[in-house]
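Since the structure comes first, as structure tokens, the remarks are kept for the end.
The values are calculated or read from the model by the stated rules, or taken from the named source; none is laboratory data. Worth saying up front: this structure is predicted, and the values here are computed from it rather than measured. Neighbour counts are summed over all protein chains in view; Cβ atoms, including those assigned to glycine, are modelled from backbone coordinates with ideal geometry.
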Amino acid sequence: MRSVHRRRRNLDGQGAEGDLRPRTASSVRFWMNIHQIELFLEVAKAGSMSGAAALSSLAQADVSRKIGRLEDELGTRLFHRNGRGVVLTQEGEAFKRHAETVCSAIAVARAEIREMQMVPSGEVVIGLPPTVASFLSVPLVEAFQARFPNVSLAIVEGFSGFVLEWLEAGRLDVAVLYHSPSMSAHLGDELKTERLYLFGAAGSSSCPQPGAVVSGNDVVKLPLILPRRGHGLRSLLDSVFNLKGLEMPVYFEVDSLAVMQNMAMAGLGYTILPYAAMHDFVVDGRLSMWALREPEVSRRLVVASSRKRPGSAASRELTVIVRRLVGQLCDGPGRTRR
């Protein structure tokens, strides 16, 4: 009497060679992945496990094991095994049609992602305080569009406190702002330390000759045009002058850079701002400028990236462009903008 021995499945779920019993999905431990699907198509194309092994640079045993796992997950045989190789079952033919569709879609997606990496698109949003926007916006847009013609650059202008809030809320990709004591020490990288100067209408008789130095004692005697209390610039000036025992008599409180510039040019008073924000008006002779002494006033300009928005090649390059342009455009008096 012949004895019949059932062969147990090995540990990876594949039956022993010649075991054609159907497999059920209930016992599956493995999850289908794109590599298994691609390998399945290679086996179907080659007509044998050994042929697919040669195409995929895998050992034949590895190919057999991976196909066995795929069959386990689907709960059916995909190939008839014979001495000459393999032939698709009816279920294998059906799966092949879907596998080709999936792999085709994946190939299109891969190509699209590669193209996006090569030619970035979409939108990048940067926040700038008014004094920075006044000199940086136009050259920044020109440089960025030359580098990324398919990416839209959105510029949002606001005081540094608002720019910081927008950055932390994830509304901006990149921010340029003035550092303040309330900021985290780890937020942003320093771009430049800007010195502040006194500006007034050309031909003003209340100050020494343009280009001369004005002391803090003389500044507090002038009609000043400055932002309201709470503005970063106003807080900085109040703090620095108070340390010298000086109180700034502000005649006009204005929270608009353009209005401050126009009022100064109209001879209504004097304002204190970085040179870069007033460069054009000084060069064309509409404003005069004086250096401050006792106290000298400066502030740090920083650039920061959002931690709540995914970084992109375009946003990273934007910070590089900002660094380069700030270095060129924030030069002090006596140096030519490049």
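What helices (runs of 4 or more DSSP H) lie completely within region 234-338 and have 3 or more residues being among the polar types (S, T, N, Q) and either at pLDDT below 90 or under 30 Å from Arg114 (Cβ atoms) (or both)? It comes to 313-329. When the residues of region 31-44 are filtered to those that are assigned to a loop (DSSP other than H, G, I, E, B) and touching a residue at least 12 places away in the same chain (Cβ under 8 Å), the one that is surrounded by the fewest Cβ atoms within 10 Å (Cβ to Cβ) is Trp31. The condition of being within 21 Å of Ser160 (Cα to Cα), surrounded by fewer than 18 Cβ atoms within 10 Å (Cβ to Cβ) and touching a Lys or Arg at 6+ places or on another chain (Cβ under 7 Å) holds for only one of Asp238, Asp255, that being Asp255.
Within region 45-69, restricting attention to residues that are over 14 Å from Val86 (Cα atoms) and touching a residue at least 40 places away in the same chain (Cβ under 8 Å), which residue is farthest from the chain's Cα centre (by Cα)? Out of the qualifying residues, it is Arg65. The residues of region 203-217 that are surrounded by fewer than 17 Cβ atoms within 10 Å (Cβ to Cβ) and either at pLDDT 85 or above or within 42 Å of the chain's Cα centre (by Cα) (or both), listed by number, are Gly211, Val213, Ser215, Asn217.
Any residue at all in region 175-197 that is within 19 Å of the chain's Cα centre (by Cα), at pLDDT 90 or above and crowded, with 18+ Cβ neighbours inside 10 Å? So far as region 175-197 goes, yes, one or more of its residues are within 19 Å of the chain's Cα centre (by Cα), at pLDDT 90 or above and crowded, with 18+ Cβ neighbours inside 10 Å. For region 69-96, a residue qualifies if it is loosely packed, with under 15 Cβ neighbours inside 10 Å and closer than 19 Å to Ser48 by Cα, and the qualifying residues are His80, Asn82, Gly83, Arg84, Val87, Gln90, Glu93, Ala94. Within region 142-160, can one find any residue that is modelled with pLDDT of 90 or more and touching a Lys or Arg at 6+ places or on another chain (Cβ under 6 Å)? Checked against the condition, which is being modelled with pLDDT of 90 or more and touching a Lys or Arg at 6+ places or on another chain (Cβ under 6 Å), region 142-160 yields no hits at all.
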